[in-house]
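Below is one structure, written out as structure tokens; comments come after it.
The values are calculated or read from the model by the stated rules, or taken from the named source; none is laboratory data. The structure presented is a predicted model; accordingly, all values stated were derived computationally and were not measured. In this analysis, Cβ positions are derived from the backbone assuming ideal geometry, glycine residues included, and neighbour counts consider all displayed protein chains.
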Amino acid sequence: MLPSSVKILFASQTESAEVWLPLLRQALPHDELVVLPDPSVDIALVATPPAGTFQKLGRPKLVQSLWMGVEKLLADPAYPRGVPLARLVDPGMVSAMSETVLSYVLDWHRHLYRYRMQQRGREWKRVEQRMAADRTVGLLGLGELGSDAARKLLALGFNVAGWSRRPKALAGVRCFTDLDEMLRITDALVCLLPLTPQTAGVLNARTFGMMRRAGCVINVARGAHLVARELIAALDGGQLAHAYLDVFDPEPLPANDPLWAHPGVTVTPHIAALTEPRTAVPKVAENVERVRRGETPAGLVDFEAGY
Ligand code: NDP
């Protein structure tokens, strides 16, 4: 159990301290918030912390990520081993991700990417309409993000399938642990997996080849999930109609990368879902209170599974 007032470090090169600190102060008025690491910190809030941050910490009770993906923290050799790591499950970010997934699925399903191209050539031509019930969206990952997207896709009338590591049951969703079985019925494939050694490169030629023809791939998880040259080949060969890519390896996507100019690719700059401090701070505060009460924090990362 911690003393009633705790010392909390905010360390991020990507999240704005000007936005977060006033909200954190409001939610945790009796705690001390600092921006420079020192050995007496009880809880460290991090998202791409400045180099050297972990070396300057002692043994905090908790490292709380301000992001949902934690692969970089897990790979950091300076991470204080044995200190629990919690990832953030931010309701605002979950909603934002589902909105992005729905936008991309509908863009492909309603042929909007084709009409944008036709407009450039002043071409007035209708593409045959399909119903949502004709399409199956396959979700790679049925966690916080995958399960929310599944519910919203079902509400629009799509068939929804999902792949997870352990068996799952979600109302209305065809759940698989065998990837090939899901791919055989998939038209639109959405990657919402954590990046682990097991999931890196999962979006590859074999995967695309097993999907129904003329579908789409949506990668909103991590760049290293995709084998880009195999995606380009699948687009050029007509196996895939379009790809929506939000994440790249490396980021920013270099100016000379062929993905920028490929007519079958829509590129966005890692904006599928941003942490929303207004909805994230209550979750962070809840975990601080849990630690203060000596309870298990929410969203603990399984170091062995890598997410
Ligand atoms: P969760 O941990 O809640 O869910 C992960 C899902 O992936 C689970 O269903 C899990 O299976 C499944 N999974 C993991 N490994 C495997 C595997 N080897 N085989 C099959 N299924 C596997 O994560 P979230 O839904 O919260 O987030 C997913 C990822 O999205 C994050 O790790 C992050 O990288 C990315 N992200 C991207 C953002 C962006 O802006 N582009 C924003 C936010 C997150 P099981 O259920 O069995 O554990």
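Checking L179 against (1) without any contact (Cβ under 8 Å) to a residue 60 or more places away in the chain; (2) more than 8 Å from the ligand (Cβ to nearest atom); (3) not polar (S, T, N, Q), only one condition comes out false. Which one? If we test L179 against (1) without any contact (Cβ under 8 Å) to a residue 60 or more places away in the chain; (2) more than 8 Å from the ligand (Cβ to nearest atom); (3) not polar (S, T, N, Q), just (2) comes out false.
Of the strands (runs of 3 or more DSSP E) lying entirely inside the stretch 192-307, those containing at least 2 residues that are of a type in the set (G, A, S) span 240-245. With respect to the conditions (1) at pLDDT below 95; (2) under 20 Å from A280 (Cβ atoms), L2 lacks only one, and its number is (2). Just one of (1) in contact with a Pro (Cβ under 8 Å, 6 or more places away or on another chain); (2) more than 12 Å from the ligand (Cβ to nearest atom) trips up F208, so point out which. Of the numbered conditions (1) in contact with a Pro (Cβ under 8 Å, 6 or more places away or on another chain); (2) more than 12 Å from the ligand (Cβ to nearest atom), the odd one out for F208 is (1).
Scanning the stretch 158-176 for residues that are assigned to a loop (DSSP other than H, G, I, E, B) and within 14 Å of the ligand (Cβ to nearest atom) yields a total of 7. For the stretch 110-120, does any single residue satisfy the condition of being part of a strand (DSSP E or B) and of a type in the set (S, T, Y)? So far as the stretch 110-120 goes, no, none of its residues is part of a strand (DSSP E or B) and of a type in the set (S, T, Y). For D187, the stated conditions hold: it is under 24 Å from F158 (Cα atoms) and more than 16 Å from the ligand (Cβ to nearest atom).
Within the stretch 229-248, if we keep just the residues that are under 15 Å from T268 (Cβ atoms) and free of Cβ contacts under 8 Å to residues at least 40 places away in the same chain, the residue that is nearest to the ligand (Cβ to nearest atom) turns out to be V247. Go through the stretch 217-250 and give me each residue that's among the small types (G, A, S) and either within 22 Å of the chain's Cα centre (by Cα) or crowded, with 20+ Cβ neighbours inside 10 Å (or both). Within the stretch 217-250, A221, G223, A224, A228, A234, A243 meet the criteria. Looking across the stretch 177-191, the residues that are under 23 Å from R130 (Cβ atoms) and part of a loop (DSSP other than H, G, I, E, B) come down to I185, T186, D187.
Could you list, in sequence order, the residues of the stretch 92-145 that are free of Cβ contacts under 8 Å to residues at least 60 places away in the same chain and among the β-branched types (V, I, T)? Scanning the stretch 92-145 gives V127, V137.
Residues are listed down the side, and each one gets a yes or a no for (1) in contact with a Lys or Arg (Cβ under 8 Å, 6 or more places away or on another chain); (2) under 27 Å from K152 (Cα atoms); (3) of a type in the set (A, V, I, L, M):
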{"site": "V173", "(1), (2), (3)": "no, yes, yes"}
{"site": "D180", "(1), (2), (3)": "no, yes, no"}
{"site": "P197", "(1), (2), (3)": "no, no, no"}
{"site": "V202", "(1), (2), (3)": "no, yes, yes"}
{"site": "I218", "(1), (2), (3)": "no, yes, yes"}
{"site": "L226", "(1), (2), (3)": "no, yes, yes"}
{"site": "V247", "(1), (2), (3)": "yes, yes, yes"}
{"site": "P258", "(1), (2), (3)": "no, no, no"}
{"site": "G264", "(1), (2), (3)": "no, yes, no"}
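For the stretch 26-106, the strands (runs of 3 or more DSSP E) that sit wholly inside it and include 2 or more residues that are under 25 Å from the mean Cα position of the chain (by Cα) are 43-47, 62-65. For the stretch 93-150, residues that are of a type in the set (V, I, T), touching a Leu at 6+ places or on another chain (Cβ under 9 Å) and more than 16 Å from the ligand (Cβ to nearest atom) total 0.
Just one of the listed residues (V94, V63) is at pLDDT 95 or above, surrounded by 15 or more Cβ atoms within 10 Å (Cβ to Cβ) and within 19 Å of G143 (Cα to Cα), namely V94. Taking (1) touching a strand residue (DSSP E or B) at 6+ places or on another chain (Cβ under 7 Å); (2) away from the ligand (no atom under 16 Å from the Cβ) in turn, Q64 satisfies each apart from (2).
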